[in-house]
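What follows is a short report on a single structure.
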Amino acid sequence: VPAQAVWEVVRTGDQFDRWVPAITSCRLEGQGVGAKRVCVINQQPLRESIETVDDASRLFQYRILEQTMMPVRNVLGTIHVSGTGPSETEVLWFVNFELDDEAAWSAVREGIEGIYRAGIEGLEAHVRG
C-alpha cells in the first residue's frame with residue numbers, strides 16, 4: 001500500500017484498536033502532540049501521550065504513561081513510515097524502555113515483538129480496507 005495512505009492512519013494516533021489485534025478498545029483525547037490515548041489490552045488499561053507527529057519524516061512517537069502488563073518503565077514507542085515504491089511501504093515500529101526485571105527480558109521481548117508484528121500486518125489490512 002502507498003506510504004502516504006499508511007501515514008494518514010498512523011499520524012492521528014486514533015483507532016489503534018482497528019488494526020492492532022491485541023488492543024480491544026482505544027480512545028483518543030485531543031489531537032496531535034499532547035493528546036492522551038487510553039487503550040485496553042487483556043482488560044488492562046494502557047495510558048499514553050502522543051509525543052511526536054512529524055509529517056515531513058512520517059515519524060510518530062508515543063509515551064506509555066501507565067501500564068501494568070510488563071515490568072518496564074520510561075517507554076517510548078516510535079513508528080516510522082517510508083515509501084519503498086509507489087505502492088510499497090516500510091513500517092519500522094520500535095520501542096525504547098527501561099526493564100525493571102532482567103529475568104523478564106525474554107517474555108517482554110516476545111510480547112512486544114508479537115504485538116508489533118500483528119499490528120503492522122493489521123495496519124496493512126486496515127489501509128487496504
| request: Would you be able to say whether some residue in segment 117-124 is part of a strand (DSSP E or B) and open to solvent by 40 Å² or more (accessible area, probe 1.4 Å)? | output: no
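Residue-by-condition table, conditions (1) within 11 Å of the chain's Cα centre (by Cα); (2) free of Cβ contacts under 8 Å to residues at least 40 places away in the same chain; (3) more than 25 Å from G129 (Cα to Cα):
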| site | (1), (2), (3) |
| --- | --- |
| W7 | no, no, no |
| R18 | no, no, no |
| S25 | no, yes, no |
| G30 | no, yes, yes |
| Q44 | no, yes, yes |
| T78 | yes, yes, no |
| P86 | no, no, no |
| V108 | no, yes, yes |
| field | Which numbered condition T52 fails, given (1) of a type in the set (S, T, N, Q); (2) free of Cβ contacts under 8 Å to residues at least 40 places away in the same chain; (3) touching a Gly at 6+ places or on another chain (Cβ under 8 Å) | value | (3)
| note | Conditions (1) touching a residue at least 24 places away in the same chain (Cβ under 8 Å); (2) at positive phi; (3) assigned to a loop (DSSP other than H, G, I, E, B) -> M70 fails only (2)
| request: Looking only at segment 67-82, decide whether some residue is within 17 Å of R37 (Cβ to Cβ), loosely packed, with under 12 Cβ neighbours inside 10 Å and out of contact with any helix residue (DSSP H, G or I) (no Cβ under 8 Å at 6 or more places or on another chain). | output: yes
| query | Would you call S82 modelled with pLDDT of 95 or more, among the polar types (S, T, N, Q) and over 15 Å from the mean Cα position of the chain (by Cα)? | reply | yes
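Please find, within segment 1-33, the residue that is farthest from F94 (Cα to Cα) out of those that are in contact with a Ser or Thr (Cβ under 7 Å, 6 or more places away or on another chain) and not hydrophobic (A, V, I, L, M, F, W, C).
Applying the first criterion (in contact with a Ser or Thr (Cβ under 7 Å, 6 or more places away or on another chain)) to segment 1-33 yields 1-3, 6, 17, 33.
Next cut, not hydrophobic (A, V, I, L, M, F, W, C) only: 2, 17.
Details: P2: 21, D17: 18 Å.
Looking at the filtered set, the residue picked out is P2.
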| said: Within segment 53-61, does at least one residue satisfy the condition of being in contact with a helix residue (DSSP H, G or I) (Cβ under 7 Å, 6 or more places away or on another chain) and at pLDDT 95 or above? | reply: yes
| query | When you go through V95, V108 one by one, which is the residue that is in a strand (DSSP E or B), more than 17 Å from A5 (Cβ to Cβ) and open to solvent by less than 50 Å² (accessible area, probe 1.4 Å)? | reply | V95
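The values are calculated or read from the model by the stated rules, or taken from the named source; none is laboratory data. Computed from a predicted model, the values in this text were never measured in an experiment. When we count neighbours, we look across all protein chains shown, and the Cβ atoms used for this are built from the backbone with ideal geometry, even at glycine. Heads up: the accessible areas ignore ligands, DNA and RNA and are worked out on the full protein's heavy atoms, side chains in. Shrake-Rupley method; radii C 1.70, N 1.55, O 1.52, S 1.80 Å.
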